[in-house]
Amino acid sequence: MASAPTSKYNSHSLENESIKRGTFFILIDKEVIYICPFNGPIKGRVYITNYRLYLRSLETDSALILDVPLGVISRIEKMGGATSRGENSYGLDITCKVRDSVLSYEGHSRRDMFEILTRYAFPLAHSLPIFAFLNEEKFNVDGWMVYNPVEEYRRQGLPNHHWRITFINKCYELCDTYPALLVVPYRASDDDLRRVATFRSRNRIPVLSWIHPENKTVIVRCSQPLVGMSGKRNKDDEKYLDVIRETNRQISKLTIYDARPNVNAVANKATGGGYESDDAYHNAELFFLDIHNIHVMRESLKKVKDIVYPNVEESHWLSSLESTHWLEHIKLVLTGAIQVADKVSSGKSSVLVHCSDGWDRTAQLTSLAMLMLDSYYRSIEGFEILVQKEWISFGHKFASFPTAFEFNERFLITILDHLYSCRFGTFLYNCESVREKQKVTERTVSLWSLINSNKDKFKNPFYTKEINRVLYPVASMRHLELWVNYYIRWNPRIKQQQPNPVEQRYVELLALRDEYIQRLEELQLASSAKLSDPSPSPSSPSQMMPHVHTHF
Amino acid sequence: MLGKGVVGGGGGTKAPKPSFVSYVRPEEIHTNEKEVTEKEVTLHLLPGEQLLCEASTVLKYVQEDSCQRGIYGKLVCTDFKIAFLGDDESALDNDETQFKNKVIGENDITLHCVDQIYGVFDEKKKPLFGQLKKYPEKLIIHCKDLRVFHFGLRYTKEEEVKRIVSGIIHHTQAPKLLKRLFLFSYATAAQNNTATDPKNHTVMFDTLKDWCWELERTKGNVKYKAVSVNEGYKVSDRLPAYFVVPTPLPEEDVRCFQGRGIPIWCWSCHNGCALLKMSALPKEQDDGLLQIQKSFLDGIYKTVHRPPYEIVKTEDLSSNFLSLQDIQTAYSKFKQLFLIDNSTEFWDTDIKWFSLLESSSWLDIIRRCLKKAIEITECLEAQNMNVLLLEENASDLCCLLSSLVQVMMDPHCRTRVGFQSLVQKEWIMGGHCFLDRCNHLRQSDKEEVPVFLLFLDCVWQLAHQHPPAFDFTETYLTVLSDSLYIPIFSTFFFNSPHQKDTNMGRESQDTQSKPLNLLTVWDWSVQFEPKAQMLLKNPLYVEKPKLDKGQRKGTRFKHQRQLSLPLTQSKSSPKRGFFREETDHLIKNLLGKRISKLINSSDELQDNFREFYESWHSKPTDYHGLLLPHIEGPEIKVWAQRYLRWIPEAQILGGGRVATMSKLLEMMEEVEHLQEKIDERHHSQGALPAEAPSLLRSSARLSSLFPFALLQRHSSKPVLPTSGWKALGDEEDLAKREDEFVDLGDV
């Protein structure tokens, strides 16, 4: 059942499909009725491959109306059945992550479809390989080469007198969720690190994320200290933080940003966690950033989904949006990141960021702060490195700086899409140690291969490289908007102009400029040639050269 | 630094604590009075302008980087404006100041621009009006263009405080006579100053010729005629001297009810359908009179219902649409969101911003206007019907909707000249009572309704959604809205053309000289230098390519084809109906609640309006054709440039749409420059022309609120919120949960 050869269906395979090799099987090919949330029932033909489900309308110019990688599916349910009156109505209700839920109906043999979908949408539960391991796409760039930690640290000028690279975690024995290569204070020995690790949740010790090129202040990330109810102290940890503080020869205190709300940090003591107290850490100043945990964020995102699907609220849009708290969360994360960036940029002090495990909120804060501080991360490759290095889930709030980023919105959306698609190995598994065990880099393709071999598609033409420019967004609700092009992109009623007319005009102008520059060069050549050959030029210049205002 | 007392300390970098206030009251800081010196700044007076009162050693507060500074200077009040004369260095050496208004300086407030005056007494803010018993230590002026001025009077002599405060209150709040408007003193004194190009080709609609021209332009002359029955305002003082009615309509009919009950032409669509307006007949109790009215209206309807006239759809705006009261209430709530005293207030309201915005209903009113305009457009365009707008005086919502429909349907109205002509036609000649609606004479607060501003905001929504479709920029719309309060232009200072003409005429008889030469707002050179006027022109706008006569016919046809959408009949597919039946049982059986929501939404689709709206939006936009706005929740936005421009916290340096637009302008200049160079090569001329100076040159860090933005220090300090998190409510449980080890790969 599983492997009908592709050739038979070639005419149906996606025109712009780059997955061509023998890894792609058509599993199902059936006529169904699709209940479109926006336009009602549509007759269509559904195709299910081992990578995706897609549906072509049989009514209107056979448009592709659905195209979802199976990895995005989060739930499949059978619906209906034979009624007492003998009517047959069978259906499948398919719910997707991120995207809206999808409903599909099939005549009689829904069992096939249900089973196949379940198997391939949840391969691990059926001991099947994740699609990324089957994908044999070839790109002319190897995205796995993009991030080389040693090179990235070298770019930052590391190691230096105060910071060293350590291989203590080479086999992930110090901390199984940390990468193999870490940057730590020169004055801290590997033994010191081991002792500090005992006092940090999941052994996630403070390690360097970024160093300011001039004032040498640093951003350091870690997990919470294991203070507990009794208020335990650890001399090594206290000393270690002091060593970090001293690396840039600042007399001021080390600033600790605890991403959590104060109450949550206190509550964490009950489970053995906590935060750095004033008593124990004399040379540190602690601030809470009030960012909520992943559960709250997830709930909030679910509410966003509710207000945009299937209908977008009209007159109560603003209060519904407010009630999701989503933009409020974004505001808080941004505010926190601005504070981290400002502290470091002004050279006032080094910054240590943690939440509970230093996993989600910490990564958001450090990567956003780095995006503000270091223009390198605003280039395509820099951003890829940042994602690879710090893990980051969003970036569109920087839309308010349309000339500061090398990449465009499509780049961000592509990354988000493939977060769940399972087509690439980039976002598989939790940490470096598991990825290495699974040989992800050898057995899968990197998302960056797709992007970097086609960079033009992801470039922002307005990008102006400004080295050392610190970007400070304004973390006010008055500036925050829901990312309509991402969250509401499936709704045909909210259709953004693509491409953006300002961008389109600019690209036209760029082309015109290049053309003129080339002509000018030719003219220069011709005029120097004319000195030797005095024959008149064939056409009059005004004919050749339409004026700007008539040109576009 | 002369005359500058630095009285505040910044705290923007401190971490926000709930109690943290970044705003330091200058009163709390001791200022050495000996240092208080004033640098003389001369008062610039317009022709005819007179100084009324003044006060020295006034401290003007400047908001910046979430702290406040003060500048000492003189506060004066003339019969035209309130002005602060101080040595404000911040205004110098700046890109922004190149967009300077020649009439109104940065620290000038025209008397008509004053909205509300407050006094601070023992740290308490109270509104000021009438006779005062006690004089405040601080004066706060809220302006109609949403600026907020704080003037400290602590160091001012007592008698000067009395004089300036009572002077300002009297001259801005006491009811005025029309004759006392500064407009007349100015016009008399500036009699000989003739502007270079007073109208910029704007059609004023004050002659029969102008109306004939408009009829011809829209091909309305087949079925409609311009009449001069109201010449000298013999019939009505609400109607203009010349206007347009259906050709068969007898002129006597116009006289019957002083022009009421008459369908008056606004505009003709390419398919021959017309947009008409009518003011209601007087309300009568008497049966006999009602009978007369009824038969009169019957006669009128017979005239316009007969071929060649299309079926008429009547839109009664007095009963089925927004009321003026709605608009007034909404705007007075809405504007309060922007009249912000300090940074603390900004951040305190930030968390609730969306619900505050929604509870004002201003954006919803905009949406309703846009929606109504789309409905009217659908009738004209897709249903081939005439639309008759009905309103008591046909001079408020009629003006708004007829001009909005024309902006959407007639690309000519999206050029600057076309837009200005439209405002002349529908608003000025249409008899919109600007004097009352702006409350220029302070005679009745009840009458003050920002109908014209609402129109500009609707146009802004369209322009914002379709950037290449308009010849002018949002800056143009903003300065136009500001011009409502500048009493040197006659445009917005009369209730009707009749009122304007009679007041000018009598004046001229009294002085036995030629009639007053009043300025029109359309002469932008009065307010802006040519360089600044560049910012009113949209670089993205492309004029419609002009073709020679032979080709024109063909394109006209093509243009029409593009405009006209398939009729609704052919569009609604019978297949869907059949199909619906087929799937009905499926839907009922299978899909309980969850899907019923979806099915309802597709029922709505049957609606003509939806069909028209969605069909238009699913096609690529022709910027020279019909233009419809998006009206979904997220698409209606706050016109940041107009409403947020004076709030330092609201701007993003080097950000916003301004950033891409300035890149675009730079590139345009570069291309033009290259083109010149190539041309020169061909003409073998040696010397290169000097590079044209650009307003936007080296503009990487322009404010997102360019060219306004008060904060001009281009600080590198980030702006940080000072207020915390709102209660989470039902999410409290989740908030307490432990973080978990989450793999995004299998969420």
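The values are calculated or read from the model by the stated rules, or taken from the named source; none is laboratory data. This one's a predicted model, so the numbers in the text were calculated from it and none came from an experiment. Because the Cβ atoms are built from the backbone with ideal geometry, glycine has one as well, and the counts that use them run over all protein chains shown. What goes into the accessible areas is simple: the full protein's heavy atoms, side chains included, and nothing from ligands, DNA or RNA. Shrake-Rupley method; radii C 1.70, N 1.55, O 1.52, S 1.80 Å.
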**Long-range HN-HN contacts of B:Lys313 with modeled amide H, under 5 Å** = B:Asn386, B:Val387, B:Leu388
**Fill in**
Non-local residues with an amide H under 5 Å from the amide H of A:Leu352, with H modelled 1.01 Å from N and Pro and chain starts lacking one, are A:Val220, A:Thr255, A:Ile256, A:Tyr257
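Roughly how large, in nm² to one decimal, is the mean projection of the convex hull of the alpha-carbon atoms in segment B:51-174?
Over every viewing direction, the Cα hull of segment B:51-174 projects on average to 7.9 nm².
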**Total accessible area lost when B and A pair, probe 1.4 Å, Å² to nearest 100** = 10500 Å²
**Item:** Student exercise, segment B:405-491 dipole from Lys, Arg, Asp, Glu Cβ charges, in Debye to nearest 20
**Value:** 140 debye
**Request:** Note down the magnitude of the dipole of segment B:51-174 about its Cα centre, charges +1 on Lys and Arg C-beta and -1 on Asp and Glu C-beta and zero elsewhere, to the nearest 20 debye.
**Result:** 700 debye
**Prompt:** How big is the gap, in Å, between the Cα center of segment B:120-158 and the Cα center of segment B:394-452?
**Reply:** 34 Å
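How large is the translational diffusion coefficient of segment A:174-314 in µm² per second when you combine the Kirkwood radius over alpha carbon pairs with Stokes-Einstein at 10 °C and 1.306 mPa s?
My calculation gives 94 µm²/s for D.
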**Asked** Residue by residue through segment B:157-174, which ³J(HN,Hα) values in whole Hz follow from phi under the Karplus form 6.51 cos²θ - 1.76 cosθ + 1.60 (θ = phi - 60°), with glycine and proline marked x?
**Response** 4, 4, 5, 5, 4, 4, 5, 6, 5, 5, x, 5, 4, 4, 6, 9, 10, 6
**Complete:** In order over segment A:478-491: 3J(HN,Hα) from phi, Karplus 6.51/-1.76/1.60, θ = phi - 60°, whole Hz, x for each Gly or Pro, gives 5, 9, 8, 9, 5, 6, 4, 5, 9, 6, 10, 6, 7, 7
**Prompt:** Using a ≥ b ≥ c from the Cα gyration tensor of segment A:290-410 (square roots of the eigenvalues), is it rounded, prolate or oblate, where a/c under 1.5 gives rounded and otherwise the larger of a/b and b/c decides, a/b for prolate?
**Reply:** prolate
**Request:** For A:Asn283 paired with B:Ser318, estimate the spin-label separation in nm (one decimal), with each label point 7 Å from Cα along the Cα-to-Cβ line.
**Result:** 8.2 nm
**Request:** Please list A:520-527, B:227-234 highest first by mean number of surrounding beta-carbon atoms within 10 Å per residue.
**Result:** B:227-234, A:520-527
**Item:** P(r) of segment A:149-492 over all Cα-Cα pairs, binned every 20 Å from zero, in whole percent
**Value:** 29, 60, 11, 0
**Request:** Mind checking which of B:Phe151, B:Val203, B:Leu177 is farthest towards the positive end of segment B:127-231's charge dipole, using Cβ charges of +1 (Lys, Arg) and -1 (Asp, Glu) about the Cα centre?
**Result:** B:Phe151
**Item:** DSSP-assigned coil residues among trypsin sites (Lys or Arg not before Pro) in segment A:123-157, each with at most 16 further Cβ atoms within 10 Å
**Value:** A:Lys138
**Message:** Suppose each label sits 7 Å from its Cα in the direction of the beta carbon; what would the A:Leu525-A:His161 distance come out to in nanometres?
**Reply:** 5.4 nm
**Prompt:** Going by a ≥ b ≥ c, the root eigenvalues of the Cα gyration tensor, does segment A:348-458 fall in the rounded group (a/c under 1.5), the prolate group (a/b larger than b/c) or the oblate group?
**Reply:** oblate
